[in-house]
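**Q** Okay, here's the structure, questions in a sec.
The values are calculated or read from the model by the stated rules, or taken from the named source; none is laboratory data. Every value quoted in this text rests on a predicted model; they were computed, and no experiment measured them. Backbone-built Cβ (ideal geometry, glycine too); neighbour counts: all protein chains shown. Quick note on the areas: whole protein, heavy atoms, side chains included, nothing else; ligands and nucleic acids left out. Shrake-Rupley method; radii C 1.70, N 1.55, O 1.52, S 1.80 Å.
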Amino acid sequence: MLSVQHLRKSFGPFLAVSDANLIVEQGEIVAVIGPNGAGKTTLFKLVTGQLKPNRGQVVFKGQDIAGLSPHRVCRRGLSLSYQVVSVFPRMSVFENVRVAVLARRRQVLRLFTPAVRLAGEETWEILNNVGLADKAGLISGTLSHGDSKVLEMAIALGNRPELLIMDEPTAGMSPEETRAAMGLIQRLNGDMGITILFCEHDMELVFNLAQRIMVMRQGKTIAQGTCDEVRCDENVQQAYLGGHGDA
Amino acid sequence: MQKQKLLGSRSLILVALLLAALALFPSMASRYYIYLVALMMVTGLLATSLNLVLGYGGMYQFNHAVFYGVGAYAAALLTVRGGVNPWWGYLLGPVVAAALSLLMGLICVRLSKLYFGMLQISLGSLVWAVVFRWYSFTGGDDGMHGVPVPRLIGSIDGAYYFVLIVTVVCLAVMYLIVNSPFGRVFQSIRDNPERAEAIGVNVRQHQLVGLVIAGFFGGVAGTLFVTVEGSVFPDMLFWTLSLEIIIMCLLGGWFTFLGPMLGGGMVVALRAVVGIYTDYWTMVLGIILMLLIFFLPEGVLGFFTARLGRGRAVREGD
Ligand SMILES: Nc1ncnc2c1ncn2[C@@H]1O[C@H](COP(=O)(O)OP(=O)(O)OP(=O)(O)O)[C@@H](O)[C@H]1O
Ligand SMILES: [Mg+2]
């Protein structure tokens, strides 16, 4: 479904991503791991169009989408939930999700239909699904960190993506919140058939959720395979996992 | 599940009362006050049109007076020089303003916030300079006086009711727009343009549409000014007025729909009062701006709705 080949991105002289390679098949949950600064966020932003690659290919559903603007990428069925919370802080939780639904339905240029009549049901469905329904009326800027991260996902879901990319979805969450988020990710994949690509530092979560793992280090893909393959990979042992491999 | 409506019943009653008062006003007031209230409505409409892009779109439009002036001049020029029926002038004035807004928008919208504003100021000044210098066509710094007004609205009462009706209709349409999907998405762009783009919104296109709408209604306000005053001046396009309009929005409350209406009314009333005592209107304006920044950053209406909103949220909670 998604295939990234030899992707490269530099910020000035600094090479944040030098050679990223990644394959995601339809229906999978794939994790990207790597130490801080490995280039995971940069890779995700390259895939979703927030950043333009210097070189390389991003093929999604058979078409090269590298360098397309973010809104175009999104319309092809690919959406991103951010590592750093990036919501619409002055709007209510409900409206945050509604605008994403409206955008997907291409209703954003309707001028004279009241928005309250549109996309309500679908928005409630998403909020119920992620467990934010009781906070629908709150201004999103006032949410706790954990809830904001859930809202991040809810907004991305509003686009009804075929491939949902999540950048550290549970970072900063409490253990209970993390468990809930994990359950949600499994439901999204299992029940709704959404293909999922995510990155996380929490190895337990990664090995529990992911079917396959890609390992990055200093902007390079050093391994990709099933959990066991990655766990046994020498490069990975050496470079990253160290003692965590047997955990 | 909460029910969502476009307008609450309490707001509806308030609006109806206000409208009734405005409709009865000419029968109770002197000519001067009828004129003053008409001007307050025109100016409030102007501020509201700016707030479409300022408060709802988060775009720092620094040249809004240009569309006010161009709407007014287009209507006046079409009538006086083009010999067109004034009604057509009123209809076409806003269209010309919207077209100019589209043109300027196409040039400016690619730029980031500050550069957007700066280029707007320079383009706006350019338009002002043309109007100011082209003596033979626009009347230069004298402006144009005695612009014909249709007989139906030629009296001060007639002009007042015309302004009232057009303002109410425009406000209603703008209210629809800010509460439409377009408006909601515009707010999301204001809050976080990068994320809006990421959820599939063509941000530049959206902003451009917003600018055209704001320019159009700014032009409507301009043509209403012609019906009230029967004249147009180059000052209508000058950047100091643009600044004043921004202050009106801030003063009334730029995160509320009716705040700019209130702000516009307040500034006109203040100027009328202050003008009796002093010529230093800009100084007074500066002081207002300073007080605002320190004491009422959300504007007057923003301040009160925040107070009321807190009480209401508690009630809706049960
Ligand atoms: N806009 C930018 N300009 C310059 N350097 C950047 C920029 N964005 C990221 N970098 C650098 O690129 C490298 C990779 O950053 P990136 O955010 O992709 O890492 P990451 O794997 O997501 O790390 P983390 O696990 O901490 O989130 C880092 O060294 C970072 O400092
Ligand atoms: Mg990161």
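**Q** Can you tell me which residue within region B:179-191, out of those that are assigned to a helix (DSSP H, G or I) and open to solvent by less than 10 Å² (accessible area, probe 1.4 Å), is farthest from A:SER92 (Cα to Cα)?
**A** Among them, the one singled out is B:PHE182.
**Q** Within region A:114-126, identify whether any single residue is farther than 24 Å from B:GLY57 by Cβ and touching a Leu at 6+ places or on another chain (Cβ under 9 Å), and answer yes or no.
**A** Among the residues of region A:114-126, at least one is farther than 24 Å from B:GLY57 by Cβ and touching a Leu at 6+ places or on another chain (Cβ under 9 Å), which makes the answer yes.
**Q** Give the residues of region A:71-84 that are open to solvent by 20 Å² or more (accessible area, probe 1.4 Å) and at the interface with chain B (Cβ under 7 Å from one of its Cβ atoms), sorted by residue number.
**A** Listed by number, the list holds a single entry, A:ARG75.
**Q** What single numbered condition from (1) within 11 Å of chain A (Cβ to nearest Cβ); (2) surrounded by fewer than 24 Cβ atoms within 10 Å (Cβ to Cβ) fails to hold for B:LEU164?
**A** Of (1) within 11 Å of chain A (Cβ to nearest Cβ); (2) surrounded by fewer than 24 Cβ atoms within 10 Å (Cβ to Cβ), only one is false for B:LEU164: (1).
**Q** Moving to a separate point now. Filter region B:115-155 down to the residues that are among the small types (Gly, Ala, Ser), within 19 Å of B:PHE225 (Cα to Cα) and open to solvent by 40 Å² or more (accessible area, probe 1.4 Å) and list them by number.
**A** B:GLY146, B:GLY154, B:SER155
**Q** Since A:VAL47 meets every condition but one in (1) within 16 Å of ligand 2 (Cβ to nearest atom); (2) touching a Lys or Arg at 6+ places or on another chain (Cβ under 8 Å), which condition does it not meet?
**A** Condition (2) is where A:VAL47 drops out.
**Q** Ok, one more. When region A:19-36 is examined, which residues are found to be within 13 Å of ligand 2 (Cβ to nearest atom) and out of contact with any strand residue (DSSP E or B) (no Cβ under 6 Å at 6 or more places or on another chain)?
**A** Correct list: A:PRO35, A:ASN36.
**Q** Tell me, yes or no, whether region A:41-60 has at least one residue that is on the phi > 0 side of the Ramachandran plot and either within 10 Å of ligand 1 (Cβ to nearest atom) or surrounded by fewer than 16 Cβ atoms within 10 Å (Cβ to Cβ) (or both).
**A** Within region A:41-60 (the criterion being on the phi > 0 side of the Ramachandran plot and either within 10 Å of ligand 1 (Cβ to nearest atom) or surrounded by fewer than 16 Cβ atoms within 10 Å (Cβ to Cβ) (or both)), the answer is no, since none of the residues qualifies.
**Q** Going by the structure shown, is A:ILE23 open to solvent by less than 30 Å² (accessible area, probe 1.4 Å) and either within 16 Å of ligand 1 (Cβ to nearest atom) or aliphatic (A, V, I, L, M) (or both)?
**A** Spelling it out, it is not the case that A:ILE23 is open to solvent by less than 30 Å² (accessible area, probe 1.4 Å) and either within 16 Å of ligand 1 (Cβ to nearest atom) or aliphatic (A, V, I, L, M) (or both).
**Q** Quick one: which helices (runs of 4 or more DSSP H) lie wholly within region B:1-84 and hold at least 3 residues that are more than 24 Å from B:ALA172 (Cβ to Cβ)?
**A** Fully inside region B:1-84 and qualifying: B:31-54, B:64-80.
**Q** Quick one: how many residues across region A:1-37 are small (Gly, Ala, Ser), part of a strand (DSSP E or B) and within 24 Å of A:ASP228 (Cβ to Cβ)?
**A** Residues that pass the stated criteria total 3.
**Q** Next question. Of the conditions (1) over 22 Å from the mean Cα position of the chain (by Cα); (2) open to solvent by 20 Å² or more (accessible area, probe 1.4 Å), B:VAL37 satisfies every one except a single condition; which number is it?
**A** Every listed condition holds for B:VAL37 apart from (1).
**Q** Another question, if that's okay. When you look at A:LYS149, is it among the basic types (Lys, Arg) and open to solvent by 20 Å² or more (accessible area, probe 1.4 Å), yes or no?
**A** When the stated conditions are applied, A:LYS149 does not pass them.
**Q** Picking from A:LEU143, A:LEU68, A:LEU138, A:LEU78, which residue would you name as being touching a residue at least 24 places away in the same chain (Cβ under 8 Å) and more than 23 Å from A:GLU168 (Cα to Cα)?
**A** Residue meeting the stated conditions: A:LEU138.
**Q** Are there any pairs, at least 6 apart or on different chains, whose C-beta atoms fall under 8 Å, with the first in region A:34-45 and within 14 Å of chain B (Cβ to nearest Cβ) and the second near ligand 1 (Cβ under 6 Å from one of its atoms) and in a loop (DSSP other than H, G, I, E, B), and if so, which?
**A** Going by the 8 Å Cβ cut-off, the qualifying pairs are A:THR41/A:GLN83.
**Q** Among the residues of region A:130-172, what is the count of those that are more than 10 Å from chain B (Cβ to nearest Cβ), more than 16 Å from ligand 1 (Cβ to nearest atom), touching a helix residue (DSSP H, G or I) at 6+ places or on another chain (Cβ under 7 Å) and in a loop (DSSP other than H, G, I, E, B)?
**A** 4
**Q** Check region B:220-227 and report whether any residue there is open to solvent by 10 Å² or more (accessible area, probe 1.4 Å) and either facing chain A (nearest Cβ under 10 Å) or closer than 22 Å to A:VAL73 by Cβ (or both).
**A** No, region B:220-227 contains no residue that is open to solvent by 10 Å² or more (accessible area, probe 1.4 Å) and either facing chain A (nearest Cβ under 10 Å) or closer than 22 Å to A:VAL73 by Cβ (or both).
**Q** What's the number of the condition A:THR113 fails, among (1) open to solvent by 20 Å² or more (accessible area, probe 1.4 Å); (2) touching a residue at least 12 places away in the same chain (Cβ under 8 Å); (3) part of a loop (DSSP other than H, G, I, E, B)?
**A** (2)
**Q** Separate question: Does region B:122-140 contain at least one residue that is over 19 Å from B:PHE238 (Cβ atoms) and either among the small types (Gly, Ala, Ser) or at pLDDT 90 or above (or both)?
**A** The answer is yes, given that some residue of region B:122-140 is over 19 Å from B:PHE238 (Cβ atoms) and either among the small types (Gly, Ala, Ser) or at pLDDT 90 or above (or both).
**Q** Here is a follow-up. Restricting attention to region B:192-207, and to residues there that are part of a helix (DSSP H, G or I) and open to solvent by less than 30 Å² (accessible area, probe 1.4 Å), which single residue is farthest from the other protein chains (Cβ to nearest Cβ)?
**A** The residue in question is B:GLN207.
**Q** Right, next: Would you confirm whether any residue within region A:85-105 is open to solvent by 10 Å² or more (accessible area, probe 1.4 Å) and within 16 Å of ligand 2 (Cβ to nearest atom)?
**A** yes
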